[in-house]
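Quick note: the coordinates plus some simple rules give every number you see, no bench work behind them. Since the structure is predicted, the reported quantities are computational estimates derived from the model, not experimental observations. Note: ideal-geometry Cβ built from the backbone for every residue, glycine included; neighbour counts use all protein chains shown.
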Amino acid sequence: MPVAPNGQPSAVRARSLAARLGRYLWRTLLVALGLITLTLCVLFARPLYQYLVSFPREAAALERLRAETRPVALDDGWTEYRAVVHAHSYLSHDSEMPFAEILAAAQTAKVDAMFMTDHCINRKADFVTQWTGLHEGVRFIRGWELRNGLLIWGLPESATVNCDAPLTETAARVAHEGGLSAFGHTEMPRPYEVAEVRVMEIYNIHTDFLDEKLLWLLPGLLLNTARWPDLAIREVYDQPSAILNLWDQQNRTRKMVGFGAADAHQNLGLRLVYTAQNRLWLRQSSRKSFTDPKIELNSFSHTVLEWIFGPLTPGRELLRVDLDPYPRSLRYVNTHLLAEDNSEAALLGALREGRAFVAFDLLADTRGFVFFAAADGRRATMGEETAFTPGLRLKGEAPLPARWTVLRDGEVVATLEGRSLDWPVPGAGNYRVELAIRPGTEWLDWIYANPVRVTPPTP
């Protein structure tokens, strides 16, 4: 038998080395499995607690609160329309939604109007390509989201806008042609000095999503979306304090209307598709591919997939997961408009003038909310103005008990609880209200109303 230099037989030494290596690999594997298990426990501990404990409790509390909904008696003289502002169709590079499916989602969400904001196509916004008019009770208003952060609506069907044109040039053109411009994604710097733009997003779910850590958010979405979809997506919400402060600052020097942006895409999901040439394609719902080139199947994997999914035909979608389905996005945040009717001109006019409030209808239906200033037979609702006189009061009513926070030029001046508001106005200023509801132990933001402008008394 060969002998190693240290006098130990080579075979024995080899077996000893293999044994040590085996023990090392086994311990490494155990440590790795332990770390993976610990990581999964950390990542899924909170989602699992939500799934089993907190979400069932919160859902029951919300149902109890919703059961307290009552019609509002106070009348502001306008007709209310629930709108989704900022939404994308298959015309956008990051959405696949055909207009027929958007219509069905809007009907499911009880939406009256869709303000579309598709991304530019080949650097152009061509208004003729989108749906317009009333479709089975839902008003579609054509609009585009330009790369400079401008949202535009209301141009003629024949209009085509160069998306690379300077923002000031586009805003001037839109105003000249009777359309409406707004600043989108206001977490980014915007040229608020542009006089033609007097509307801005004060909440956008995509903006809200940006400060989330996906590693911590995703486990909750994956675990809880099927059973507790509304509560799972609401985990994204944070009060947009910085943007609300910016909005108040703008209103100190000129009128700036605020609206809520659904930014609906239905692009946070997966698709597994069987294609021609016996291949599988795994892609995101935003059209981005995970498998490029596509995975080619052999006879065994083809047989297994047919056993699981049934006959495989080219183009068949084998798996579909959507964490942001359109019907849910359309309920997450809405902009309620006060208008004469649901014509495009009337709805655009309501948004332009600020007769609007932002509502998180996913929590509870806000329809019927009223807020205005009144005295001596005069009444000014959200977006309107009135001169200060002694006896001027802010009046409001909501379909649920709520906490009313009254702000004057961005500063909190009163906090009250109940279904209604009746508060004396002390002087000139921009007065708006924020409402929160408390289904359990925490107050949840529910409504942001546009301000009523109270001007100094007339001489």
Highest first, please rank the peptides 227-240, 312-325, 69-82, 136-149 by the mean number of other Cβ atoms sitting within 10 Å of their residues. 136-149, 227-240, 69-82, 312-325
Once the in-chain neighbours fewer than 8 apart are removed, the aspartates and glutamates whose Cα is under 18 Å from K288 read D94, E96, D118, E317, D322, D324
Could you state the angle between the C-alpha long axis of helix 214-224 and the longest principal axis of the C-alpha atoms of the chain, as a value from 0 to 90 degrees rounded to the nearest 10? 90 degrees
How about K255: which aspartates and glutamates have a C-alpha closer than 20 Å to its C-alpha, ignoring those fewer than 8 places off in the same chain? E187, E193, E196, E201, E353, E384, E385, D409, E411, E434
Quick one: angle between helix 241-253 and the longest Cα principal axis of the chain, in degrees between 0 and 90, rounded to 10, please. 30 degrees
Suppose only helical runs count, i.e. DSSP H with n ≥ 4. What mean residue ellipticity at 222 nm does that imply for the chain under -39500 (n - 2.57) per run, divided by all residues and rounded to the nearest 500 deg cm²/dmol? -9000 deg cm²/dmol
For Y51, what charge total do you get from the other residues with a beta carbon under 13 Å from its beta carbon, if Lys and Arg give +1 and Asp and Glu give -1? +1
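What does the highest-first list of 343-353, 268-278 look like by mean Cβ count within 10 Å?
Details: 343-353: 19.5, 268-278: 15.8.
Averaged packing, sorted descending, gives the order 343-353, 268-278.
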Across 10 Å bins beginning at 0, the whole-percent shares of Cα-Cα pair distances in the chain come to 4, 17, 25, 22, 14, 7, 4, 3, 2, 1, 0, 0
Treating only the Cβ atoms of Lys and Arg (+1) and Asp and Glu (-1) as charged, compute the dipole magnitude of the chain about its Cα centre; round to the nearest 20 debye. 1960 debye
Helix 299-309: inclination vs the chain longest Cα principal axis, degrees, rounded to 10, gives 40 degrees
For region 269-322, treating each Cα as an identical point scatterer without solvent, what Debye log10 I(q)/I(0) comes out at q = 0.14 1/Å? -0.33
